[in-house]
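The values are calculated or read from the model by the stated rules, or taken from the named source; none is laboratory data. Predicted model only: the values in this text are computed from it and were never measured. Don't worry about glycine lacking a Cβ; one is built from the backbone with ideal geometry, like all the others, and counts go over all protein chains shown. Surface areas here come from the heavy atoms of the whole protein model, side chains and all, with no ligands, DNA or RNA. Shrake-Rupley method; radii C 1.70, N 1.55, O 1.52, S 1.80 Å.
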Amino acid sequence: MSIRERAAFAVWGVGVVAVVKLAHDVLDVTGAGLAVVAVVVALGSFFGAFLPLWRRLSGD
């Protein structure tokens with residue numbers, strides 16, 4: 001894995017954690033609802049944002 005790919009993966013992970021933390025703190029989502037938000041954010045952002053970026057970085 002190149003440094004660019006590692007950086008993209010790290011930024012994606014931090015973004016997922018930040019959105020889930022925001023849902024917990026600001027929207028007061030807890031328990032099973034927070035788990036659902038975490039799964040939806042992680043999968044949605046992975047397939048919608050990270051995977052296309054990964055393919056572009058790997059293609060260079």
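A few notes on this one:
- Flag if Asp25 is over 15 Å from the mean Cα position of the chain (by Cα), at pLDDT below 90 and charged (D, E, K, R): no
- In region 33-60, the residues that are farther than 27 Å from Ile3 by Cβ and either touching a Ser or Thr at 6+ places or on another chain (Cβ under 6 Å) or open to solvent by 80 Å² or more (accessible area, probe 1.4 Å) (or both): Val36, Val39, Val40
- Among the residues of region 1-19, those that are within 12 Å of the chain's Cα centre (by Cα) and closer than 17 Å to Phe47 by Cα comprise Ala8, Phe9, Ala10, Val11, Trp12, Gly13, Val14, Gly15, Val16, Val17, Val19.
Yes or no, residue by residue, for (1) among the charged types (D, E, K, R); (2) in contact (Cβ under 8 Å) with a residue 24 or more places away in the chain:
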site: Ser2; (1), (2): no, yes
site: Val20; (1), (2): no, no
site: Asp25; (1), (2): yes, no
site: Asp28; (1), (2): yes, no
site: Ala35; (1), (2): no, no
site: Val39; (1), (2): no, no
site: Ala49; (1), (2): no, yes
site: Pro52; (1), (2): no, no
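- Residues of region 1-27 that are in a helix (DSSP H, G or I) and open to solvent by 70 Å² or more (accessible area, probe 1.4 Å): Ile3, Arg4, Arg6, Phe9, Val11, Val14, Val17, Lys21, Leu22, His24, Asp25.
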